[in-house]
Amino acid sequence: MLRSKKYNDIDVTVYPEGRIDISNSQTLKEDLMEFYRDGFTNVVIDFGKISSIDSSGLGKLLLFHKKLKETDGKLKLVNIKSDYVKKMFKMIHLNKVIEIEGME
Amino acid sequence: MPEEIEDMIDIYKINLDSNLRLSQVEKEMALFLDKYYTGDTDFLFIGIHEMISNAVEHGNKLDPAKTVSIKIIIRKEIIKVEIVDQGSGFDWQNTLSKFDKAANQELNQLYSERGRGIFLAKQTFDEIKYNKQGNKAILIKNRMHK
C-alpha cells in the first residue's frame, strides 16, 4: 500500500517510491483507485522518491487523471527530483494535460 | 562480409530472460553507451526501455519462458539497437501510419497501449523500423549529436 497523507475527506498526497514500469504500474493504479473509491478526488502524487517512469506508468497516470476529472477532481504531480522523470515529462508535454509543479 | 560488421566499432549483446532484472541490464547498457554517445543517454534509454517493454509485454505476452535479445551496434556514424522478441509480431505498418495521421495530437498517442512506447521511441531516436513480421524492432540514432 502507498504511503499517504490525508488532509480531509477529499485531499490526499501519496508517496510512491522507486521505478514505475510495467512490473508495478498496475499495482500503482490499483492503489490510486482505492483512494478514488474512498472519495478522495484531489490527489497529489509526490515524486520525491521516484527515480524513473515509463510509458506504462504514464498511461496509468493519464487514466487516473481522466477518472478524477470526471468527478470534478484533480491530479497534481509535485516534487519531481529525478532528471530522467523531468526529461520524460518535458518531452511529451505532459504538463498540457496534468498539472505539474514547476512545469506550469 | 555482412553489412553488420563492416564498419562496426563495438557491439553489446544480451539475451534478456525472466531471471534478469531490466534495471540491472539497463545500467550495463548505459555504461556501454556512455563510451560512444556524446549526447544525453537518458533520452536513448527512454526509447530503448520502451521497445524492450513492448517486446516483453506485447511480443512475449509476459511469458517467462520467452526471452528478448538485445544488440547495440556502434558504427562510425550511427548507434543501432535491435530488439527481438519470440512473439508472433504485430501489424506495425498500421500502428506507425496512425502516427502520421495524428501528428498534431501527440498526447493522444499516450492513451494507446503499444503506440505509447513507439511514440516515445520515435521522440528519442532518429529512425524506428521493424522486420516484416514485427517481432524485431530496430532503432537508429545518429552519433553526431544535433
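Using alpha carbon centroids, what distance separates the range A:6-42 and the range B:32-50, in Å? Here the answer is 31 Å between Cα centres. With both residues required to sit in the protein assembly as shown, DSSP beta bridges show an antiparallel share near 65%. Shielding value for B:32-45 is 1, the average number of Cβ atoms from other chains within 10 Å of each residue's Cβ. Computed from phi, the 3J(HN,Hα) profile of the range B:86-96 under the Karplus parametrisation 6.51, -1.76, 1.60 (θ = phi - 60°) reads 9, x, 8, x, 8, 7, 6, 4, 5, 5, 5 Hz, with x in place of Gly and Pro. Averaged over the residues of peptide A:18-30, the number of Cβ atoms from other protein chains lying within 10 Å of each residue's Cβ is 2. Please give the helix A:55-70 orientation as an angle from the longest Cα principal axis of chain A, in degrees from 0 to 90, rounded to the nearest 10. Tilt of helix A:55-70: around 30 degrees. For A:MET1 and A:SER23, the difference between the fully extended length at 0.36 nm per residue and the C-alpha to C-alpha distance is 6.4 nm.
Across the cross-link table entries B:LYS80/B:LYS132; B:LYS71/B:LYS98; B:LYS98/B:LYS132; B:LYS66/B:LYS136, which are compared at the Cα atoms, the separations over 20 Å belong to B:LYS71/B:LYS98.
For the peptides B:23-32, B:78-87, the ranking by mean Cβ contacts within 10 Å, running from highest to lowest, is B:78-87, B:23-32.
The antiparallel fraction among DSSP beta bridges confined to the range A:3-100 stands at about 20%. For the range B:1-78, relative contact order (Cα pairs under 8 Å, six or more residues apart, normalised by length) works out to 58 percent.
Using a cutoff of 8 angstrom between alpha carbon atoms and counting only pairs six or more residues apart, the relative contact order for chain A works out to 27 percent.
Taking the range B:60-81 and a reference point 7 angstrom along Cα→Cβ of B:LYS13, the backbone N atoms nearer than 14 Å belong to B:69-74. Mean partner shielding of peptide A:43-55, defined as the number of other chain Cβ atoms within 10 Å of each residue Cβ, is 3. Both radii were evaluated on the Cα set of the protein assembly as shown; the Rg over Rh quotient, with Rh as the Kirkwood radius, amounts to 0.99. The amide H of B:TYR37, built 1.01 Å from its N in the peptide plane, has no neighbour under 5 Å, considering only residues 5 or more places off or on other chains. Length gained on full extension, B:ASN94 to B:LYS27: 20.8 nm, using 0.36 nm per residue less the C-alpha separation.
The reciprocal of the average 1/r between distinct C-alpha atoms defines the Kirkwood hydrodynamic radius, which for chain A equals 13.6 Å.
Bear in mind that the values in this text are calculations on the coordinates, not laboratory data. All of these numbers come straight from a predicted model, not from anything done at the bench. Note that each Cβ is placed from the backbone with ideal geometry, even for glycine, and that neighbours are counted across all protein chains shown.
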